[in-house]
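Note sheet for the following structure.
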Amino acid sequence: MLALATQAGSVLAAPQLCYRGVNLSGAEYGERDGAVNVNYTYPSEETVRYFAGKGMNIIRLPFRWERLQPTLGQPLNGDELQRLKDAVDLIQKHGMAVILDPHNYADYDKTQIGQAPVTDLAFGDFWARLAVEFSNRKGVAFGLMNEPHDIKAPDWLEAANTAIRSIRTVGAHNLILVPCTNWTGAHSWSTDVLGGGANGTVMLGVKDPIDFYAFEFHQYLDADSSGTHPVCDGTENAKRGLSDVTDWLRKNGKRGFLGEFGVAANDTCLDGLKQFIGVMNADSDVWLGWSYWAAGDWWPPEEPLNVQPRNGRDKPQMKVLIEGLGKKTPLPPSCALVKSAK
């Protein structure tokens, strides 16, 4: 599967969504100096095996920038880098692709990207160093940043373009997932929230020397789209946002990936989840796929959106997710996560 996923790209759309999976949370937990398996953790083999066994084929893997690069502009921490590599190895051992996700909300030690010392160049330096370690590795995509917020779209665009340029400069042809400001929300894509322009206008300025990227979106089904409420009173708004983004992607010849979405295990939410997945399944010409939020070995059972199994029992949301996976087929060239050099 992963071999097929790294062939040359194609202008043809996949007959179904390429990637459907889950966020395995845990490595982004705690403070930067936290101890592994005490304050934060990477996925266990039992957890990875479970989701692979359900037919999922991608893991979005959150981790903390400060822990991986303790000093801006300096080498990555060798021990933490090895833990990240071991996690990627484990996921790929079970036949799944990986999205590397610095889960920092466009901050480093609570300083926003673009403000000294967390300059755009510092962000680019981080990605250059990380890209070298996973350059052109089969089945590995680069998610630039989790949920930038409180940063104007033009300022975020400059930071994103700096990181993209750095990644390509070191020779990495991996697919790049480009998030946007305003928490990466699909529902606010066409709205100028902070001044400076809406994501849907400004982010057309993304510059990738090899033109191999997709936009990442997040969308929850509660009324404020935050994913912090165990209700789905915003389902219609969420579906409308996803539909609007779909139209935008098609109109502008772009591709999208839904990096986060999730619901509680009540009937209304489960119905909304089914509808939501149906929208994406119907538009695989522009959607690469999705990763549900969330699961992970340390997620508490009472967390409403959690799909981590407990005592050998599936969460109710898993039934809906499994129904939405579609048939397991070899990935076509249009699902490539590494673009071949020509």
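The values are calculated or read from the model by the stated rules, or taken from the named source; none is laboratory data. None of these values were measured; they are calculated from a predicted model. Glycine also receives a Cβ, built like all others from the backbone with ideal geometry; neighbour counts cover every protein chain displayed. With ligands, DNA and RNA removed, areas are computed over all heavy atoms of the protein, side chains included. Shrake-Rupley method; radii C 1.70, N 1.55, O 1.52, S 1.80 Å.
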Go through (1) part of a loop (DSSP other than H, G, I, E, B); (2) farther than 19 Å from Gly205 by Cβ; (3) open to solvent by less than 10 Å² (accessible area, probe 1.4 Å); (4) not acidic (Asp, Glu) for Ile151 and report which single condition fails. (2)
Segment 201-227 - residue that is among the polar types (S, T, N, Q) and under 19 Å from the mean Cα position of the chain (by Cα) and, of those, least open to solvent (accessible area, probe 1.4 Å): Gln219
When only residues in segment 98-120 that are in a loop (DSSP other than H, G, I, E, B) and without any contact (Cβ under 8 Å) to a residue 24 or more places away in the chain count, which is most open to solvent (accessible area, probe 1.4 Å)? Lys110
So is Leu321 crowded, with 21+ Cβ neighbours inside 10 Å and under 19 Å from the mean Cα position of the chain (by Cα) or not? yes
Please specify each residue of segment 60-76 satisfying the condition of being open to solvent by less than 10 Å² (accessible area, probe 1.4 Å), under 16 Å from Leu121 (Cα atoms) and either of a type outside the set (Asp, Glu) or in contact with a helix residue (DSSP H, G or I) (Cβ under 7 Å, 6 or more places away or on another chain) (or both). Trp65, Gln69
Candidate set: segment 1-30, residues that are over 17 Å from Tyr292 (Cα atoms) and modelled with pLDDT of 95 or more; chosen: the one least open to solvent (accessible area, probe 1.4 Å): Gly30
Using beta carbons and a limit of 6 Å, which pairs, at least six apart or on different chains, have the first residue in segment 323-337 and in a helix (DSSP H, G or I) and the second one of a type outside the set (A, V, I, L, M)? Pro333/Gln7; Pro333/Ser10; Ser334/Ser10; Cys335/Cys18
Cβ-Cβ under 9 Å, sequence separation 6+ or interchain: first residue in segment 189-214 and under 14 Å from Leu157 (Cα atoms), partner open to solvent by 70 Å² or more (accessible area, probe 1.4 Å) and of a type in the set (A, V, I, L, M, F, W, C). Which pairs? Asn199/Val193
Scan of segment 292-307 for residues that are open to solvent by less than 40 Å² (accessible area, probe 1.4 Å), modelled with pLDDT of 95 or more and part of a loop (DSSP other than H, G, I, E, B), ordered by number: Gly296, Leu305, Asn306, Val307
Tell me whether segment 228-242 contains one or more residues that are touching an Asp or Glu at 6+ places or on another chain (Cβ under 6 Å), aliphatic (A, V, I, L, M), open to solvent by 10 Å² or more (accessible area, probe 1.4 Å) and within 20 Å of Lys319 (Cβ to Cβ). yes
Out of the residues in segment 27-82 that are among the aliphatic types (A, V, I, L, M) and in a strand (DSSP E or B), state the one that is farthest from the chain's Cα centre (by Cα). Val36
Name the residue, out of Arg250, Arg310, that is over 17 Å from the mean Cα position of the chain (by Cα), open to solvent by 10 Å² or more (accessible area, probe 1.4 Å), under 17 Å from Phe51 (Cβ atoms) and free of Cβ contacts under 8 Å to residues at least 40 places away in the same chain. Arg310
Output the helices (runs of 4 or more DSSP H) that fall wholly within segment 184-281 and possess 3 or more residues being polar (S, T, N, Q), or say none. 235-252, 267-281
